[in-house]
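Trainee: I have a structure I would like to understand better, so I am pasting it below and will then ask my questions one at a time.
Every read-out reported here was derived from the displayed coordinates using simple, explicitly stated rules and does not represent laboratory data. Just so it is clear, the model here is predicted, and its values are computed rather than measured. Every residue, glycine among them, receives a Cβ derived from its backbone with ideal geometry; neighbour counts consider all protein chains shown.
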Amino acid sequence: MVIKRIPVRDLQPGMICANNTYNTLDQLVVPKDCVLNEQIIDRLLTYGILELAVKMPELEPAVTVFNSEIVKKTPEFKQFKSNYSEATDLFKSFLNSFVDANSNPDISELLHSTYEVMKQTRNSLHFFDVMNNMHDVNDSIYRHSMNVSMLCMTFAKWLGYDKNQIGVLSVCGALHDIGMLLIDPDIVNKPGELTPSEYAIVQTHTTLGYKLLKAKGFDEAVARCALNHHERCDGSGYPSRLETNDIDDFSKIVAIADIYDAMTSKRSYREPLSPFDVVDVLESEGRNKYDQKLVCEFLERFSKTYSANTVLLSNGSTAKVVLMNSNWLSRPVVQTNEGDFIDLAKCTNVKIISLV
């Protein structure tokens, strides 16, 4: 065995802690010889511990550092991308068959493909790592539906949902935009800004999806998500301008997963936005438009996911996230390649524009 210091983001369940590890208050966080699991790794990030000494076999291959260029070259990522592409093709075939009045395909086959893709990731941290490297491809209803399904699955696990609830929420994510397939493709795929009348037509996808799912005999929870995933807690959403107490929890979760994937995916008219841009939106308006408890859970998990990530700043510098600002998560403290520290909460003329 040799002892190596590994970035916490790159730790894997099963690794062994080499020394007693303490936080800044000299409290023991992880004892020596502790076998790591996902919860312990999350705890290390929570306490702001960025590296850990672990025991490793001398012939153990080096742990991958998760930045975009390295991730994309790994066999692990290539296998994930292959499975992801196959699952997207299955989603396309399934959803197109689903809108056929004479067809009622088996949803369990669709979910199985999603689970198989998810199995290629080690934990929620790794899931976001690889997914962020899939967003340089033009989005589609099919890709978006699969992404939202996987995000809902991940969110459900964060919330401690049971296996049945996780399955139902995954279906909710997979079928939330089914009504879009009933809208004129020329409007859906229009590269420029929609006219008011075109936007009104697109908004009908919620009611169209609801009616289709009800006609197919789906559970009310799934149909409600298709209907309500654009409702907002402050009453500014559509189609019914519902407020917090009138929106079910599954629809609230799908709404957050939907906006996250939509903003971080490539569009014909723009490049994918940084996850930090999504957090900026959720921090500035999310506590009014989205359920506060769910947004706080999402933001807390976000802070663990993106600690120690390498990012590109608007001033052209490349930097590593070294400390999340708990009161302004979209503006952490970063360290540039030149060794300078920048607190983006104070230096507001610089922002993160992408992950590297």
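Trainee: In a shell of Cβ-Cβ distance under 11 Å around V254, excluding V254 itself, what net charge do Lys and Arg (+1) and Asp and Glu (-1) give?
Mentor: On the way: positive: R224, K252; negative: D177, E231, D248, D249, D258, D261.
Taking every Cβ under 11 Å from that of V254, the sum is -4.
Trainee: Farthest toward the dipole's positive end in the chain, which of V168, F80, L90, given Cβ charges of +1 (Lys, Arg) and -1 (Asp, Glu) about the Cα centre?
Mentor: Working it through, the farthest residue towards the positive pole turns out to be F80.
Trainee: Where the only charges are on Cβ atoms (+1 Lys, Arg; -1 Asp, Glu), what is the dipole of the chain about its Cα centre, to the nearest 20 debye?
Mentor: Numbers: 36 positive and 46 negative charges, 100 e Å.
Result for the chain is approximately 480 debye, rounded to the nearest 20.
Trainee: Can you tell me the relative contact order of the chain? Whole percent, Cα pairs under 8 Å, sequence separation 6 or more.
Mentor: Numbers: 554 pairs, mean separation 45.1, N = 356.
Relative contact order of the chain: 13 percent.
Trainee: Taking 7 Å along the Cα-to-C-beta vector as the label spot, tell me the D249-K214 distance in nanometres, rounded to one decimal.
Mentor: 2.5
Trainee: Can you give the angle from 0 to 90° between the axis of helix 163-175 and the longest principal axis of the chain, with both taken from C-alpha atoms, to the nearest 10?
Mentor: 60
Trainee: Can you return the lysines within cross-link range of K289? Criterion is Cα-Cα under 29 Å, with same-chain partners fewer than 8 residues away left out.
Mentor: Answer for K289, where 29 Å is the Cα cut-off: K157, K163, K190, K211, K214, K252, K266, K304, K346, K351, listed by chain and number.
Trainee: Continuing with the same structure: Listed highest first by mean packing, meaning other Cβ atoms within 10 Å per residue, what order do 213-220, 11-18 come in?
Mentor: Details: 213-220: 15.2, 11-18: 17.4.
Ranked from most to least packed, the peptides come out as 11-18, 213-220.
Trainee: Highest mean first, what order results for 328-338, 167-177, 74-84, 227-237 on Cβ atoms within 10 Å? Provide the component values of the computation, followed by the final result.
Mentor: Details: 328-338: 17.6, 167-177: 25.2, 74-84: 15.4, 227-237: 20.9.
With the highest mean Cβ count within 10 Å placed first, the list reads 167-177, 227-237, 328-338, 74-84.
Trainee: Rounded, prolate or oblate: which fits the range 305-355, taking a ≥ b ≥ c as square roots of the Cα gyration tensor eigenvalues, rounded meaning a/c under 1.5, else prolate when a/b beats b/c? Could you put the intermediate results ahead of the total?
Mentor: Details: a/c = 1.39, a/b = 1.18, b/c = 1.19.
Because its axes are fairly even, with a/c under 1.5, the range 305-355 counts as rounded.
Trainee: For helix 249-264, what angle does its Cα long axis make with the longest principal axis of the chain, in degrees from 0 to 90 and rounded to 10?
Mentor: In the chain, helix 249-264 runs at an angle near 70 degrees to the longest axis.
Trainee: Per DSSP H run of n ≥ 4, the term is -39500 (n - 2.57); total these for the chain, divide by its residue number, and report the mean residue ellipticity at 222 nm rounded to 500 deg cm²/dmol.
Mentor: About -14000 deg cm²/dmol.
Trainee: Around E231, with a cut-off of 13 angstrom between Cβ atoms, what is the net charge of the other residues, counting Lys and Arg +1 and Asp and Glu -1? Please list the in-between numbers first.
Mentor: Values: positive: R224, R232, R241, K252, K289; negative: D234, E243, D246, D248, D249, D258, D291.
Neighbour charge sum, excluding E231 itself: -2.
Trainee: Under unit Cβ charges (Lys, Arg +1; Asp, Glu -1), what dipole magnitude, rounded to 20 debye, does the range 68-273 have relative to its Cα centre?
Mentor: On the way: 21 positive and 28 negative charges, 80 e Å.
Value, rounded to 20: 380 debye.
Trainee: Roughly how big is the range 177-278's charge dipole about its Cα centre, with Cβ charges of +1 (Lys, Arg) and -1 (Asp, Glu), in debye to the nearest 20? Display every interim value, and only then the final one.
Mentor: On the way: 11 positive and 17 negative charges, 46 e Å.
Using only the charged Cβ atoms, the result is roughly 220 debye.
Trainee: Now a separate question. Going by amide H atoms built from the backbone, whose H comes under 5 Å of the H on E51, apart from near neighbours?
Mentor: Long-range HN contacts for E51: V8.
Trainee: Okay, moving on. Once you have a ≥ b ≥ c as the square roots of the Cα gyration tensor eigenvalues for the range 68-273, tell me rounded if a/c is under 1.5, and otherwise prolate or oblate according to whether a/b is larger than b/c.
Mentor: Values: a/c = 1.45, a/b = 1.28, b/c = 1.13.
It comes out rounded by the Cα gyration axes.
Trainee: For the chain, how big is the tail of P(r) above 39 Å, as a whole percent of Cα pairs?
Mentor: On the way: 10903 of 63190 pairs.
Cα-Cα pairs in the chain separated by more than 39 Å: 17 percent.
Trainee: If I fit a long axis through the Cα atoms of helix 141-158 and take the longest principal axis of the Cα atoms of the chain, what angle between them do I get, 0 to 90°, rounded to 10?
Mentor: Helix 141-158 sits at roughly 50 degrees to that axis.
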